[in-house]
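The values are calculated or read from the model by the stated rules, or taken from the named source; none is laboratory data. Keep in mind that this is a model prediction, so the values were computed, not measured. Neighbour counts run over all protein chains shown; Cβ positions are idealised from the backbone, glycine included. We work out accessible area using only protein heavy atoms, side chains counted, and drop any ligands, DNA or RNA first. Shrake-Rupley method; radii C 1.70, N 1.55, O 1.52, S 1.80 Å.
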Amino acid sequence: MLKMVALLLGLIAPLSPMSAAQPAAAQIPAAEPAVQQAVVHFAQEKASRPQASWKQFDTMNGISLNDTKKDLLAKKGKPLRVTQDRLSGCTEYHYQDVSTGLCGGIVDYVHVDASSGKMQVNGTWVPLSKAEIERAFGKPQFVAEDGNVYIRGYHAIKVYQHPDSGALQGVDFFDSTTE
């Protein structure tokens with residue numbers, strides 16, 4: 001009879017408002033090891049999910065792909081140097097934390113070198129390590145020999161890595177419909 005009452009309480013317990021609280025594994029001293037293990041696994045899985053929803057990539061290090069030269073200069077100030085890309089004809093503006101290519105007066109791409117140690121995407125800082133980038137964005141949509149590509153909306157982020165060593169070299173932010 002006592003087992004029957006315990007079984008019935010177990011069946012209706014998920015319907016009670018108290019079941020919404022999720023105790024930590026350490027707070028379940030009498031629980032079976034398998035139950036504790038499941039709670040720990042759930043917490044680890046939740047921690048490994050992407051940090052933000054990342055429905056689209058809008059900015060990298062505060063720069064949008066819709067920014068004009070005037071917008072870029074207002075946001076970042078005077079560049080350390082300006083160079084011309086002979087292949088594309090675009091002008092590159094080099095800052096301490098980022099390089100930006102302007103084609104036809106509009107930002108075409110944004111590049112962050114691995115030496116920066118971090119990048120800011122949509123206002124959220126992401127450490128420049130393969131593990132942290134994957135934790136932030138999830139699995140890449142494309143895996144290439146020279147890096148991984150993450151696409152959100154019409155924009156993409158490519159994480160470049162050395163083909164032999166796999167070391168992270170840099171990150172580009174660009175319009176995915178033109179590449």
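Taking the stretch 68-110 as the region of interest, how many residues are of a type in the set (Asp, Glu) and in contact with a helix residue (DSSP H, G or I) (Cβ under 7 Å, 6 or more places away or on another chain)? Lay out the reasoning, then the answer.
We begin by selecting, within the stretch 68-110, every residue of a type in the set (Asp, Glu); these are 71, 85, 92, 97, 108.
When the remaining residues are screened for being in contact with a helix residue (DSSP H, G or I) (Cβ under 7 Å, 6 or more places away or on another chain), the result is 97.
The total comes to 1.
Assuming TYR95 fulfils every condition listed in (1) open to solvent by less than 40 Å² (accessible area, probe 1.4 Å); (2) under 22 Å from the mean Cα position of the chain (by Cα); (3) under 13 Å from GLY62 (Cβ atoms) apart from one, which condition is it?
Here TYR95 meets the rest and fails (2).
Scan ILE157, ILE133 and give me the residue that is outside any strand (DSSP E or B), crowded, with 18+ Cβ neighbours inside 10 Å, at negative phi and touching a strand residue (DSSP E or B) at 6+ places or on another chain (Cβ under 7 Å). Reasoning before the result, please.
Working: ILE157 fails: outside any strand (DSSP E or B).
Only one candidate passes the filter, namely ILE133.
Look through the stretch 136-148, keep the residues that are surrounded by 17 or more Cβ atoms within 10 Å (Cβ to Cβ) and in a strand (DSSP E or B), and return whichever of them is farthest from the chain's Cα centre (by Cα). Quick ask: steps written out before the conclusion?
Narrowing the stretch 136-148 to residues surrounded by 17 or more Cβ atoms within 10 Å (Cβ to Cβ): 136-137, 140, 147-148.
Next cut, in a strand (DSSP E or B) only: 147-148.
Values: GLY147: 15, ASN148: 12 Å.
Among those residues, the one meeting the criterion is GLY147.
If I filter the stretch 112-123 down to residues being in a strand (DSSP E or B) and open to solvent by 50 Å² or more (accessible area, probe 1.4 Å), which single residue comes out as nearest to SER99 (Cα to Cα)?
Residues of the stretch 112-123 in a strand (DSSP E or B): 112-113, 118-121.
Cutting the leftovers down to open to solvent by 50 Å² or more (accessible area, probe 1.4 Å) gives us 113, 118.
Details: ASP113: 8, LYS118: 14 Å.
Step by step, filter the stretch 112-123, then rank; the result is ASP113.
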